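Let me begin by presenting the structure, written as C-alpha cells, before commenting on it.
The values are calculated or read from the model by the stated rules, or taken from the named source; none is laboratory data. Since the structure is predicted, the reported quantities are computational estimates derived from the model, not experimental observations. Ideal geometry is used to build each Cβ from the backbone, glycine not excepted, and the neighbour counts take in all protein chains shown.
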Amino acid sequence: MTEPPMEHKQLLNDIDRAMSEATDEKTRAELAQLKQRLSTPEMLEIARELATHRDRGRRPRDPVLEFHVPLVPMVLTAAAGVIATAVCLFAVADGLKSPVAFLLGKPFNPWVVAAVAGAFAVAFAALSLMRGFSVRCDTTGMLSRAPGRRFARLRVGAMRWEDIRSLAERDSDRVLEVHAADGKVFDIPMRITNYPVLKQHLENMVRLYGELGAAPVS
C-alpha cells in the first residue's frame, strides 16, 4: 500500500499523539473515529493528488469552508425577488401587446413598470449575496468578520488551529464561543448557515489541539 503524503502522515501522527495524551476512553474513541475517517482510501487519494500538484510546482488550492449570515433574511430576499421578477415579466408581456395598459381604470406605461420591477429584482438578488457575518475556515485556521452593524458587538478575528482550546455555547444570545490559547474569544452566531457542519469541524479541531468537554456558558 502506498504511504500517505508527508502532511497527511503528520496529521495522523498528531491524532496518535492526542490519543496517547487523552485522559479518558471517550476522548480516545472519538479521536480513533476521526483518524479512521481520515485514513479512508478516498481521503488518502485526495491527499496524494494535492501532494502531486505540489511536486509539479503548481500552487495548491487549500480546501476552504465558507459560512455566513445573510445581511437580509433569505426568505425575504427570495420572496421579494420572485415577486419583482413576476411583475417585470407581466409588464413586458403587456408591453408587447400595447404601449399603454390599464390598472384600476388608470393608464400606465408597462415598459416603465418592467424597468422598475427589473431593477428591484436585481437589487434583491444583490442583497441576498451580502453578508452580515462570515467565517472562513481553511487548513491553517479560521477568519471571522462582521462588516455590518448588526453583529458589531461580536468578537471576531483570525485564529490558527493549533491555538484553539475549547468551545462553549452561550444560550442567552445563541452565540458559540471559540476560546484560543492566548485567552482570546471569538463569537459565532448560532444562526449562521450550516451551523451543525461548522460546529462539528471546530469540535474536530478541539479534539486535535484543544480541550474537550467545555461546559456551556450561560
ask   = How about region 100-218: which strands (runs of 3 or more DSSP E) wholly inside it have at least 2 residues that are modelled with pLDDT of 80 or more, closer than 19 Å to Asp14 by Cβ and small (Gly, Ala, Ser)?
value = none
remark   = Here the residues within region 181-198 that are of a type outside the set (Val, Ile, Thr) and buried (at least 18 other Cβ atoms within 10 Å of the Cβ) are Phe186, Asp187, Pro189, Leu198
query = Do we have any residue at all in region 155-165 that's of a type outside the set (Lys, Arg), more than 18 Å from Glu66 (Cβ to Cβ), in contact with a strand residue (DSSP E or B) (Cβ under 7 Å, 6 or more places away or on another chain) and without any contact (Cβ under 8 Å) to a residue 60 or more places away in the chain?
reply = yes
query = How many residues are surrounded by 12 or more Cβ atoms within 10 Å (Cβ to Cβ) and of a type in the set (D, E, K, R) when one looks only at region 19-44?
reply = 3
request  = Only residues in region 17-44 that are more than 18 Å from Thr139 (Cβ to Cβ) and in the same structural domain as Glu7 (by TED's automatic domain parsing) count as the first member; pair them with residues that are modelled with pLDDT under 80 and among the hydrophobic types (A, V, I, L, M, F, W, C), Cβ under 7 angstrom, at least 6 apart or cross-chain, and list the lot.
outcome  = Thr27/Leu212; Arg28/Ala22; Leu31/Ala22
task = Go through (1) under 15 Å from Met205 (Cβ atoms); (2) surrounded by 15 or more Cβ atoms within 10 Å (Cβ to Cβ) and name the single condition His8 misses.
result = (1)
